[in-house]
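Enquirer: Encoded as structure tokens, here's the structure I'll be asking about.
The values are calculated or read from the model by the stated rules, or taken from the named source; none is laboratory data. Keep in mind that this is a model prediction, so the values were computed, not measured. Using ideal geometry, Cβ is built from the backbone for each residue, glycine included, and neighbour counts are taken over all protein chains shown. Calculation scope for accessible area: heavy atoms of the full protein, side chains included, ligands and nucleic acids excluded. Shrake-Rupley method; radii C 1.70, N 1.55, O 1.52, S 1.80 Å.
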Amino acid sequence: MISEAFKTVFDTSPLVTRFTPGRVNLIGEHTDYNGGLVLPTALELGVNLALSPRSDNKIHIHSDKFDDIAIRAISDTATEHWSDYIVGAVIIANETGLLSGGVNVAVSTTLPFGAGLSSSAAVIVSILKAGRELNHGQHTDTEIAVLARRVENEFIGMPCGIMDQMAVAIARPGQALSLNTETLNYDLIDLPSQHKMVVMHSGQFRRLSEGRYKVRKEECDAIKIVLGHNNICQISDAEFASLSHLSAPLQRRAKHCMTEQRRTVKAAKALRDNDMQTFGALMNESHISMRDDFEITLPEIDRLVEDSVKLGALGARMTGGGFGGCIVACVPANITKMWVQDLIKVNPQSFFVC
Ligand code: GLA
């Protein structure tokens, strides 16, 4: 229990404890900073946090993943230490009245490391929501998610979109969050009970901050300048044709954004209609677009996705920022156990997440 861990380390009970889920994105990849739709769902796995305020400006952090206690301050800058996400969240919480001064924090996670299942967004949102609870703040969950993105963009230097923060702040397991990332309007769609969205780790570990995500973001920024607006996802066929003078890779990036948006709109409708055949087919097309047009997959992941479908999934795709991490597959519930075993047999480096 996280409150026990907190008590052992800080010798007193925490004032707030909370659980924030991780997320898996079902479809709509790299659309969230290009004005598009995303369709993530919350996981049962996530981050447990216990927190109490301190009377000074220090931040003392204990994590179940590390032996030492990190001692930081609210005047700190990012140092590429594991505690940066918490420090950044405490700083933004102080700037926005969610906290005042330092905190003691204990954190533990059931999410696998380097999986792209939004453990960092979950940690940040946990701190901000804990601050809101402690100080009876009026921020909505959407406002919390926007602040959490600021921690990533401004403190950590990771130029991510808003999907992860909205998903972990708002979504619940068993429901997909259909989120318009331009307006932040959303609705929740029930996932079908006859199919499972199975998350498998590819065995390829990744770190978004390594820079390859940033390169894609910069490529999209270059396309936006040519278009004269920020919404690559909503371009028409004619507008896409007008980009033919761009380099071939930039044209492929724009094509992914445009087609992924159309697929995600159709996928949300298929989910509402409980049409999982169509949903699965769109997942497969999304993977091909990430492989050939956005070029963010790895051969090992392409193979895992192909085998997933061969073994009976209705559809499968890499999920998250790319270059490693997890796949998500839509599998008939009655064959899931066998499917997981068979997939691991032919891809021994992969493992079941949830
Ligand atoms: C990461 C980012 C998100 C989103 C996805 C790709 O998870 O944090 O904002 O861009 O990659 O869809």
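Enquirer: Where only protein heavy atoms count, and the probe is 1.4 Å, what is the accessible area per residue for segment 32-72 in Å²?
Expert: 39 Å²
Enquirer: Under a straight-distance cross-link criterion of Cα-Cα below 17 Å, which lysines are reachable from LYS196, leaving out those fewer than 8 residues away in the same chain?
Expert: Candidates past the 8-residue exclusion: LYS310, LYS337.
Enquirer: Take each complete run of DSSP H in the chain, measure how far its Cα atoms stretch along the helix's own axis, and keep only those covering 15 Å or more with mean Kyte-Doolittle hydropathy at least -0.5; list them.
Expert: Span-like helices in the chain: 84-95, 119-134, 212-227, 276-292, 336-346.
Enquirer: Measuring from centroid to centroid over Cα atoms, what is the spacing of segment 236-301 and segment 1-52 in Å?
Expert: Comparing the Cα centres of segment 236-301 and segment 1-52, I get a distance of 29 Å.
Enquirer: Rounded to the nearest 500, what is the 222 nm mean residue ellipticity of the chain from helices alone, with -39500 (n - 2.57) per DSSP H run of 4+ residues and division by all residues?
Expert: Calculated from helices alone, the mean residue ellipticity at 222 nm is -12500 deg cm²/dmol.
Enquirer: Taking the Cα centre of segment 2-190 as origin, sum charge times position over the Cβ atoms of Lys and Arg (+1) and Asp and Glu (-1), and report the length of that vector in debye to the nearest 20. Walk me through the intermediate numbers first.
Expert: Values: 12 positive and 22 negative charges, 69 e Å.
Once rounded to the nearest 20, the dipole reads 340 debye.
Enquirer: Relative contact order of the chain, please, whole-number percent, based on alpha carbon pairs below 8 angstrom and at least 6 residues apart. Each step should come with its number before you reach the end.
Expert: Details: 730 pairs, mean separation 71.4, N = 354.
Once divided by the residue count of the chain, the mean separation gives 20 percent.
Enquirer: Let me ask something additional. Would you pull out the residues with amide H under 5 Å of GLY315's amide H, same chain only if 5 or more places away, H placed 1.01 Å from N?
Expert: Residues meeting the criterion, in which the H sits 1.01 Å from N, are CYS330.
Enquirer: Using Cα pairs under 8 angstrom and six or more residues apart, how large is the relative contact order of segment 133-204, in percent? Before the final figure, lay out the partial values.
Expert: Details: 54 pairs, mean separation 15.1, N = 72.
Normalised by residue count, the contact order of segment 133-204 is 21 percent.
Enquirer: Could you list, in their original order, any pairs among LYS65/LYS214; LYS129/LYS224; LYS214/LYS255 whose Cα atoms are separated by more than 22 Å?
Expert: Checking Cα-Cα distances, LYS65/LYS214; LYS129/LYS224 exceed 22 Å.
Enquirer: I would also like to ask the following. How long is the gain from THR278 to ALA248 if the chain were fully straight, where each residue apart is worth 0.36 nm and the alpha carbon distance is subtracted?
Expert: Additional length available on full extension: 7.8 nm.
Enquirer: Moving on. Identify the residues of segment 19-47 with backbone N under 15 Å of a label point that sits 7 angstrom from the Cα of ASN153 along the Cα-to-Cβ direction, or state none.
Expert: 31-36
Enquirer: Mean-square fluctuation check for the chain, GNM, Cα pairs under 10 Å: which of GLN175, GLN138, GLN204 is largest?
Expert: GLN138
Enquirer: Moving to a separate point now. Quick check: at a probe of 1.4 Å, how many percent of the accessible area of segment 2-190 sits on carbon and sulfur atoms?
Expert: The value for segment 2-190 is 47 percent carbon and sulfur by accessible area.
Enquirer: So how far apart, in nm, are the two label points at ASP141 and VAL9 if each is 7 Å from Cα heading toward Cβ?
Expert: Here the modelled spin labels are 2.7 nm apart.
Enquirer: Now for a separate question. May I ask you to compute the full-extension gain from GLU218 to THR79, defined as 0.36 nm times their residue separation minus their alpha-carbon distance, rounded to one decimal in nm?
Expert: Using 0.36 nm per residue and subtracting the Cα-Cα distance, I get 47.7 nm.
Enquirer: Given a 10 angstrom Cα cut-off, can you work out which residue in VAL24, VAL215, VAL16 is the most mobile in a GNM of the chain?
Expert: Looking only at VAL24, VAL215, VAL16, the biggest GNM fluctuation is shown by VAL215.
Enquirer: Tell me, what HN-Hα J-couplings in whole Hz come from the Karplus equation 6.51 cos²θ - 1.76 cosθ + 1.60 at θ = phi - 60° for each residue of segment 175-180, using x for Gly and Pro?
Expert: 9, 8, 9, 8, 10, 7
Enquirer: Counting only C-alpha contacts under 8 Å and six or more residues apart, can you give the relative contact order of segment 129-268 as a whole percent?
Expert: The value is 14 percent.
Enquirer: To the nearest 20 debye, what is the magnitude of the charge dipole of the chain about its Cα centre, counting +1 on the Cβ of each Lys and Arg and -1 on the Cβ of each Asp and Glu? Before the final figure, lay out each step's value.
Expert: On the way: 34 positive and 40 negative charges, 77 e Å.
Computed about the Cα centre, the dipole is about 360 debye.
Enquirer: Moving on to the next point. Let me check something: with ligands and nucleic acids excluded, how do GLU285, GLU95 order by accessible area (1.4 Å probe), largest to smallest?
Expert: Of GLU285, GLU95, the descending order of accessible area is GLU95, GLU285.
Enquirer: 7 Å from Cα along Cα→Cβ at both ARG172 and VAL346: what's the point-to-point distance in nm?
Expert: 3.7 nm
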